[in-house]
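The next block holds one structure in the form of structure tokens; read it before the comments.
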Amino acid sequence: MRIKILAAALGVAFAAPAQAQVEVQWWHSMGGALGEALNGLANQFNESQKEYKVVTTFKGTYPESLTAAIASFRAGKAPHLLQVFEVGTATMMAAKGAVKPVYQLMKEAGEPFNPKAYLPTVTGYYSDTKGNMLSMPFNSSTALFYIDKNKFKKAGIEPVQPKTWKELIATAEKLKASGQDCVYTTGWPSWVHIENFSAWHNVPIGTKQNGMGGFDTVFSVNSPLHVRHISMLGDMAKKGLFTYAGRTNQADAKFASGECAMATISAGALGGIIKAAKTDWQIGFLPYHDDVKGAPQNSIIGGASLWVMNGGKKEEYKGVARFLTFLSQPEIQMEWHKKTGYVPITLAAYEATRKSGFYDQNPGRDMPVRQLTNKAPTANSKGLRFGNFVQGRTVIEEELEAVFAGKKDAKAALDDAVKRGNEILRQFETANK
Amino acid sequence: MEKRVVFRSAWLPYALVAPQIAITLVFFFWPAVQAVWYSFQLQDAFGLKTQFVGLQNFAALFKDGNYLASFKVTALFSALVAFSGLAISLLLATMADRVLRGAMAYKTLLIWPYAVAPAIAGVLWAFLFAPSIGIITYVLKGWWGVDWNWILDGDQAMLLVVIASVWKQISYNFLFFLAGLQSIPRSLIEAAAIDGASPFRRFWTIVFPLLSPTTFFLLVVNIVYAFFDTFGVIDATTQGGPGQSTNILVYKVYHDGVKAADLGGSSAQSVILMFIVIALTVVQFRFIERKVQY
């Protein structure tokens, strides 16, 4: 890869010595196959025109990239584009002098830009309350519900996806009775069972529109519905109907390897499941509680967006704007969506993918978009924006683990999560006054 | 007879130690001073807005029950790591010292784990003990019916990180113990043997007291290791969980500072940690050292 870039650079240097190319530095966190897909995008852009060159650099995991970018910003050498995970959104947004909002960049560069072209649940996460897009959505996924039909058939159950939690528990009991050891598992406990759960049932995660309306927000994840849900999971864990896998994506492997019969994990896990080829998988919407009014609403995204960092030259920002326009093209989005499993970020790209017959050949691949756009997003379901949410999520996960281990009851744990979480929010508020 | 080199020049000795002092100042003292400075500040992640908040970061920490609980976890963890690390390596060193044939091979094999990075050691043990696929888990369940699941069981998680941390440190301890054992004059042990002292008796009355300077040195090193160098192991395995059962102080420093970009809070924690280790070392040198026979 590096040789290729070098060769391209040399080629350009010899071919057009009169006009120097403007370089755009892009730091990202996509390893493996995803990294190749990302480099493919940059190369495609570099070949499509001669003025600008996007140079990609892999900087490790999301927190590592963010830390590296913060350090480089402090040293006055920030990259132009930085891929930041969704929980870092509030941190980036608060850093007013460090970032250049995307809508502003596009205006300054004179690039055509219509925020309405993007999926509302995706842009909602990255826009301010006035609807101005602050960062460019890049790789977005959502939590989905997977079942392994083989396990259902083996237990003599019709392989139909449970729609509600009630149905899920009934099915889980039957599977357990048939000797299935791991019946149900979940990845990303806070993201699935607090964040997506709240959006899906149209209840707030925090005040001020889940923190989007201001830093003076407080968590509200100890509502009766939250308590009921987490307490239900605690009961399931006690009865062996729910196997806890860990705080991140450990559940992906548990499902892909055929160990667990049902799982609520990221849409992005599908690639690995297909590759492992050990399950007769089927994907559907997340289960919901059918007695909650308005449920199911829509789920929220996970993944990352691209932030434009301040400190570069004007012509470099022109290049950044051009590149963002390039990324938003339907064909480019469609390719990215098909290759990686992340959702297409524009409605046009989704339509184009559907028309191409991709979803007919690959049933279930349209589930993430359908679930994200199930209904028009409300204040509770368009996303969340809490300061220092890296710490906030850890707090929630610690408290959930206490419930799953049977050490705390759900009410006490969620009360503590709110109390501890609010302290983090207050500190962020003071630091960013 | 005392051997001592005396410098005649007034400046040469200073010039010779200058590089070492410069390195210490730049890489140890400067960051430490910065940590103290940052601990009095509240800053956003990018350093755009800085407020001087005095002791507020510290006050917030001591109000936080979870931070206080983390002290207990750290104390337990360090005690377990230091004690079992020393005990196991002393046993191994005593054994290796008695081996006559192939001694080099034994010693080399025992020193190997030291070359493994803490994170790798963590991942390795995490794989062996992985709840559903680990070999040891399988054996535990199959032979003794032990339900091993450190993802949810806090005590088991603690055991796992202790094992991984100890395993990593055994080689270092082993090396020092072995050197210590080899410097004990054979004549003392032989004399005791002639007097009819059993091997066990010989160990406790002669070898162990004569080893005490080594043991003391290793105790300090191991406690500092457990306090500071083990976050790689924790990060690669439990990440402080489940709940907070393996959330030791240094891991919280790393999590809050590096992962969550909360510099003020993280610096305050490192300053506290720094004082704890200074205090521990002073206590060790003042009180325990008196009982050490050189």
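Filter the range B:184-212 for residues that are loosely packed, with under 13 Cβ neighbours inside 10 Å and in a loop (DSSP other than H, G, I, E, B) and give the result.
Residues satisfying the conditions are B:185, B:195, B:196, B:198.
Scan the range A:383-403 and give yes if some residue there is farther than 29 Å from residue A:30 by Cα and touching a Gly at 6+ places or on another chain (Cβ under 7 Å), otherwise no.
Filtering the range A:383-403 down to residues farther than 29 Å from residue A:30 by Cα leaves A:399, A:402-403.
If we keep only those that are touching a Gly at 6+ places or on another chain (Cβ under 7 Å) as well, we get A:402-403.
Scanning the range A:383-403, I find at least one residue that is farther than 29 Å from residue A:30 by Cα and touching a Gly at 6+ places or on another chain (Cβ under 7 Å), so the answer is yes.
Are any of the residues in the range A:224-243 under 21 Å from residue A:159 (Cα atoms), more than 14 Å from chain B (Cβ to nearest Cβ) and either at pLDDT 95 or above or surrounded by fewer than 19 Cβ atoms within 10 Å (Cβ to Cβ) (or both)?
Within the range A:224-243 (the criterion being under 21 Å from residue A:159 (Cα atoms), more than 14 Å from chain B (Cβ to nearest Cβ) and either at pLDDT 95 or above or surrounded by fewer than 19 Cβ atoms within 10 Å (Cβ to Cβ) (or both)), the answer is yes, since at least one residue qualifies.
Residue-wise test of (1) at pLDDT 90 or above; (2) of a type in the set (A, V, I, L, M, F, W, C); (3) assigned by TED's automatic domain parsing to the domain that holds residue A:355.
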position	(1), (2), (3)
A:260	yes, yes, no
A:274	no, yes, no
A:315	yes, no, yes
A:322	yes, no, yes
A:328	yes, no, yes
A:340	no, no, yes
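In this structure, is residue B:233 β-branched (Val, Ile, Thr) and touching a Gly at 6+ places or on another chain (Cβ under 9 Å)?
Here the answer is yes, as residue B:233 does meet what is asked.
Any residue in the range A:299-307 that is of a type outside the set (Ser, Thr, Tyr) and modelled with pLDDT of 95 or more?
yes
Please work out which residue is surrounded by the fewest Cβ atoms within 10 Å (Cβ to Cβ), limiting yourself to the range A:321-357 and to residues that are hydroxyl-bearing (Ser, Thr, Tyr) and over 20 Å from residue A:308 (Cα atoms). Talk me through it step by step, then tell me what you get.
Here is the first cut: in the range A:321-357, the ones hydroxyl-bearing (Ser, Thr, Tyr) are A:325, A:328, A:340, A:342, A:346, A:350, A:353, A:356.
Adding the requirement that they be over 20 Å from residue A:308 (Cα atoms) leaves A:340, A:342, A:350, A:353, A:356.
On the way: A:340: 19, A:342: 25, A:350: 22, A:353: 23, A:356: 12.
Ranking the qualifying residues of the range A:321-357, first place goes to A:356.
For residue B:79, which of the numbered conditions (1) closer than 14 Å to residue B:161 by Cα; (2) at pLDDT below 85; (3) not basic (Lys, Arg) fails to hold?
All conditions are met except number (2).
List every residue pair whose Cβ atoms lie under 7 Å apart, where the two residues are 6 or more positions apart in sequence or sit on different chains, the first residue falls within the range A:113-125 and is in a helix (DSSP H, G or I), and the second residue, located anywhere, is acidic (Asp, Glu).
Listed pairs, sorted by first residue: A:125/A:86.
Considering only residues that are away from chain A (no Cβ under 13 Å) and assigned to a helix (DSSP H, G or I), which ones fall in the range B:235-252?
If the condition is that a residue be away from chain A (no Cβ under 13 Å) and assigned to a helix (DSSP H, G or I), then B:249, B:250 are the ones that fit.
Just name the residue that is farthest from residue A:307 (Cα to Cα) out of those in the range A:97-149 that are among the charged types (D, E, K, R) and surrounded by fewer than 24 Cβ atoms within 10 Å (Cβ to Cβ).
Ranking the candidates gives A:149 first.
Could you list, in sequence order, all residues of the range B:12-38 that are touching a helix residue (DSSP H, G or I) at 6+ places or on another chain (Cβ under 7 Å) and within 14 Å of chain A (Cβ to nearest Cβ)?
Answer for the range B:12-38, where residues must be touching a helix residue (DSSP H, G or I) at 6+ places or on another chain (Cβ under 7 Å) and within 14 Å of chain A (Cβ to nearest Cβ): just B:38.
Could you say whether any residue in the range A:129-141 is basic (Lys, Arg) and within 14 Å of chain B (Cβ to nearest Cβ)?
Among the residues of the range A:129-141, not one is basic (Lys, Arg) and within 14 Å of chain B (Cβ to nearest Cβ), which makes the answer no.
Quickly run through the range A:388-420 and pick out the residues that are out of contact with any Lys or Arg (no Cβ under 8 Å at 6 or more places or on another chain), of a type in the set (Gly, Ala, Ser) and at pLDDT below 95.
Across the range A:388-420, the qualifying residues are A:392, A:405.
Which of the following residues is outside any loop (DSSP other than H, G, I, E, B) and either modelled with pLDDT under 95 or small (Gly, Ala, Ser) (or both): A:278, A:254, A:293? Please lay out each step first, then the result.
Numbers: A:278 fails: outside any loop (DSSP other than H, G, I, E, B); A:293 fails: outside any loop (DSSP other than H, G, I, E, B).
The conditions single out A:254.
Do we have residue B:212 as at pLDDT 85 or above and within 14 Å of chain A (Cβ to nearest Cβ) here?
Criteria not met by residue B:212.
Among the candidates B:87, B:103, single out the residue that is modelled with pLDDT of 90 or more, surrounded by fewer than 16 Cβ atoms within 10 Å (Cβ to Cβ) and more than 14 Å from every other protein chain (Cβ to nearest Cβ).
Of B:87, B:103, the one residue that is modelled with pLDDT of 90 or more, surrounded by fewer than 16 Cβ atoms within 10 Å (Cβ to Cβ) and more than 14 Å from every other protein chain (Cβ to nearest Cβ) is B:87.
Scanning the range B:48-69 for residues that are touching a residue at least 12 places away in the same chain (Cβ under 8 Å) and in a loop (DSSP other than H, G, I, E, B), which turns out nearest to residue B:270 (Cα to Cα)?
If we take residues in the range B:48-69 being touching a residue at least 12 places away in the same chain (Cβ under 8 Å) and in a loop (DSSP other than H, G, I, E, B), then B:55 is nearest to residue B:270 (Cα to Cα).
Would you confirm whether or not the range A:43-59 contains a residue that is touching a His at 6+ places or on another chain (Cβ under 8 Å), of a type in the set (Ser, Thr, Tyr), surrounded by fewer than 21 Cβ atoms within 10 Å (Cβ to Cβ) and in contact (Cβ under 8 Å) with a residue 24 or more places away in the chain?
Of the range A:43-59, the ones touching a His at 6+ places or on another chain (Cβ under 8 Å) are A:56-59.
Filter again for of a type in the set (Ser, Thr, Tyr), leaving A:56-57.
Within this subset, residues satisfying the condition of being surrounded by fewer than 21 Cβ atoms within 10 Å (Cβ to Cβ) are A:57.
Among the residues that remain, those that are also in contact (Cβ under 8 Å) with a residue 24 or more places away in the chain are: A:57.
Yes, some residue in the range A:43-59 is touching a His at 6+ places or on another chain (Cβ under 8 Å), of a type in the set (Ser, Thr, Tyr), surrounded by fewer than 21 Cβ atoms within 10 Å (Cβ to Cβ) and in contact (Cβ under 8 Å) with a residue 24 or more places away in the chain.
Test residue A:365 against the criterion of being of a type outside the set (Phe, Trp, Tyr) and within 19 Å of the chain's Cα centre (by Cα), and give yes or no.
Values: of a type outside the set (Phe, Trp, Tyr): yes; within 19 Å of the chain's Cα centre (by Cα): yes.
Answer is yes for this residue.
Given (1) buried (at least 19 other Cβ atoms within 10 Å of the Cβ); (2) more than 14 Å from chain A (Cβ to nearest Cβ); (3) under 19 Å from residue B:280 (Cβ atoms); (4) aliphatic (A, V, I, L, M), where does residue B:79 come up short, assuming only one miss?
Unmet condition: (1).
Among the residues of the range B:113-167, how many are in a helix (DSSP H, G or I), more than 12 Å from every other protein chain (Cβ to nearest Cβ) and small (Gly, Ala, Ser)?
7
Please go through the range B:142-161 and give me each residue that is over 16 Å from residue A:237 (Cβ atoms), surrounded by 19 or more Cβ atoms within 10 Å (Cβ to Cβ) and among the β-branched types (Val, Ile, Thr), ordered by number.
Scanning the range B:142-161 gives a single hit, B:161.
Output the number of residues of the range A:372-409 satisfying the condition of being part of a helix (DSSP H, G or I), more than 14 Å from chain B (Cβ to nearest Cβ) and out of contact with any strand residue (DSSP E or B) (no Cβ under 6 Å at 6 or more places or on another chain).
Matching residues across the range A:372-409 total 0.
Residue A:412 passes all but one of (1) in a helix (DSSP H, G or I); (2) farther than 24 Å from residue A:90 by Cβ; (3) within 14 Å of chain B (Cβ to nearest Cβ); (4) touching a residue at least 12 places away in the same chain (Cβ under 8 Å); which number fails?
(4)
Here are some residues: A:385, A:420. Which one is surrounded by fewer than 23 Cβ atoms within 10 Å (Cβ to Cβ) and closer than 19 Å to residue A:221 by Cβ?
Working: A:385 fails: surrounded by fewer than 23 Cβ atoms within 10 Å (Cβ to Cβ).
Exactly one of A:385, A:420 is surrounded by fewer than 23 Cβ atoms within 10 Å (Cβ to Cβ) and closer than 19 Å to residue A:221 by Cβ, namely A:420.
Residues to consider are A:425, A:347; find the one that is touching a residue at least 24 places away in the same chain (Cβ under 8 Å), of a type outside the set (Val, Ile, Thr) and out of contact with any Gly (no Cβ under 9 Å at 6 or more places or on another chain).
Only one candidate qualifies: A:347.
What tally of residues in the range A:415-433 results from selecting those that are among the hydrophobic types (A, V, I, L, M, F, W, C), more than 9 Å from every other protein chain (Cβ to nearest Cβ) and closer than 17 Å to residue B:56 by Cβ?
1
The values are calculated or read from the model by the stated rules, or taken from the named source; none is laboratory data. All values derive from a computational prediction rather than experimental measurement. In this analysis, Cβ positions are derived from the backbone assuming ideal geometry, glycine residues included, and neighbour counts consider all displayed protein chains.
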